[in-house]
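Input: a single structure, listed below in structure tokens.
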Amino acid sequence: MSDLSRPSGPKIIAIANQKGGVGKTTTSINLAAALAEAGSRVLVVDLDPQGNASTGLGIDVEDRAFTTYDLLLGDADLKSVILPTVMPGLMIVPATVDLSSADLEFMSNEKRSFLLHDALRQAQIDEFELDYILIDCPPSLNLLTVNAMIASHSVLVPLQSEFFALEGLSQLMLTIREVRQTGNKNLRIEGIVLTMYDRRNNLSLQVEQDARENLGEMVFRTKVPRNVRLSEAPSFAMPVLTYDTASKGAQAYRALAKEVLEKNKVKVA
């Protein structure tokens, strides 16, 4: 595998899959929380117009005075858009439905694919002393997702343990290849995490076998199970690590965070 030594500044990871309902936002929220719990300083950038990551981390819509949209537009700086969450060490740039028009509004901008890249590399970013930035991408391969990939060092892909899961992955891999050729030659795959995994289900077992045979070490050892507590936590506006710290979902995201830290050569207990 490629050397994934931490670059100077925070490691930026896009969490992407063009298919909806695969656990992308759940992974963004809870991996960020687990990294913060392990001592890292983490920023979540909500790049999905639905704003679910913002809601899931306790940011009410009325408190989103400045958002990712304002950051991309250049109407707000990082200090204005970064908000604290209830979890120490975990911050967020929230999103609203304003982002849904981004593809059209930014189309005439020559640097439209580099807006997030430039925004996250403002000198102000150093003041937050971040270790990781996780970008929660929308469930499509649009301009916002391309912005995330060009801004990032790597892409983490949640893969639902269901039929045709690997077929849907091929289009995402093609997009990553295109981004490498046109805007970010150093973009890497951080890893693929199996989500909604049910060890009692033969289909989950088959998807895991196929994924490991085809993708090898790119597939994380950790499997995120189907877990009621994981599903409930967002409605209480908190990560599952806070909502039910002993749940299987919380344990899985702690294990995933440990793998991410190991891959990036951060010493873990």
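Of note:
- In the chain, helical runs assigned H by DSSP with n ≥ 4 each contribute -39500 (n - 2.57); averaged across all residues and rounded to the nearest 500, the mean residue ellipticity at 222 nm is -10500 deg cm²/dmol.
- Note on the chain: semi-axes of the ellipsoid equivalent to its C-alpha gyration tensor, largest first and rounded to whole Å, are 26, 21, 18.
- Counting only residues at least eight positions apart within a chain, or on another chain, the aspartates and glutamates with an alpha carbon under 17 Å from that of LYS263 are ASP3, ASP131, GLU190, GLU217.
- Cross-link pairs LYS111/LYS223; LYS11/LYS79; LYS19/LYS79 - those with Cα-Cα distance over 28 Å: LYS111/LYS223; LYS19/LYS79
- Of the solvent-accessible surface of the chain, computed with a 1.4 Å probe over protein heavy atoms with every protein chain present, carbon and sulfur atoms account for 51 percent.
- Part-to-part distance (alpha-carbon centres) for the stretch 104-147 and the stretch 206-259, which is given in Å: 26 Å
- Scanning residues 5 or more positions from ILE133 or on other chains, those with amide H under 5 Å from its amide H are LYS11, ILE12, ILE13, LEU43, with H placed 1.01 Å from N in the peptide plane.
- Whether the stretch 84-160 is rounded, prolate or oblate, judged on the alpha carbon gyration tensor where a/c under 1.5 counts as rounded: prolate
- Taking amide H atoms as placed 1.01 Å from N in the peptide plane, the amide H of LEU159 lies under 5 Å from those of VAL193, LEU194, THR195, each 5 or more residues away in sequence or on another chain.
- Distance between the modelled labels on GLU105 and GLU262, one decimal in nanometres: 4.3 nm (7 Å Cα→Cβ projection).
- Accessible area per residue for the chain, computed on protein heavy atoms with a 1.4 Å probe, is 45 Å².
- Charge tally for MET91 (other residues, Cβ to Cβ under 13 Å; Lys, Arg +1; Asp, Glu -1): -2.
- In a reduced charge model with +1 at each Lys and Arg Cβ and -1 at each Asp and Glu Cβ, the chain shows a dipole moment near 1020 debye about its Cα centre.
- Protection proxy ranking of 217-224, 15-22 - average other beta-carbon atoms within 10 Å, highest first: 15-22, 217-224
- Value of D in µm² per second that Stokes-Einstein yields for the stretch 161-228, Kirkwood Rh from Cα pairs, at 10 °C (1.306 mPa s): 121 µm²/s
- Tensor-based shape of the stretch 111-269 (alpha-carbon gyration tensor, a/c under 1.5 rounded, otherwise prolate or oblate): oblate
- Cα gyration tensor category, rounded, prolate or oblate, for the stretch 1-132 with a/c compared to 1.5: rounded
- Within the stretch 161-175: backbone nitrogen closer than 14 Å to the GLN206 label point (7 Å, Cα to C-beta): 161-167
The values are calculated or read from the model by the stated rules, or taken from the named source; none is laboratory data. As the structure is a computational prediction, the values presented were derived from the model and not from experiment. Ideal geometry is used to build each Cβ from the backbone, glycine not excepted, and the neighbour counts take in all protein chains shown. Heads up: the accessible areas ignore ligands, DNA and RNA and are worked out on the full protein's heavy atoms, side chains in. Shrake-Rupley method; radii C 1.70, N 1.55, O 1.52, S 1.80 Å.
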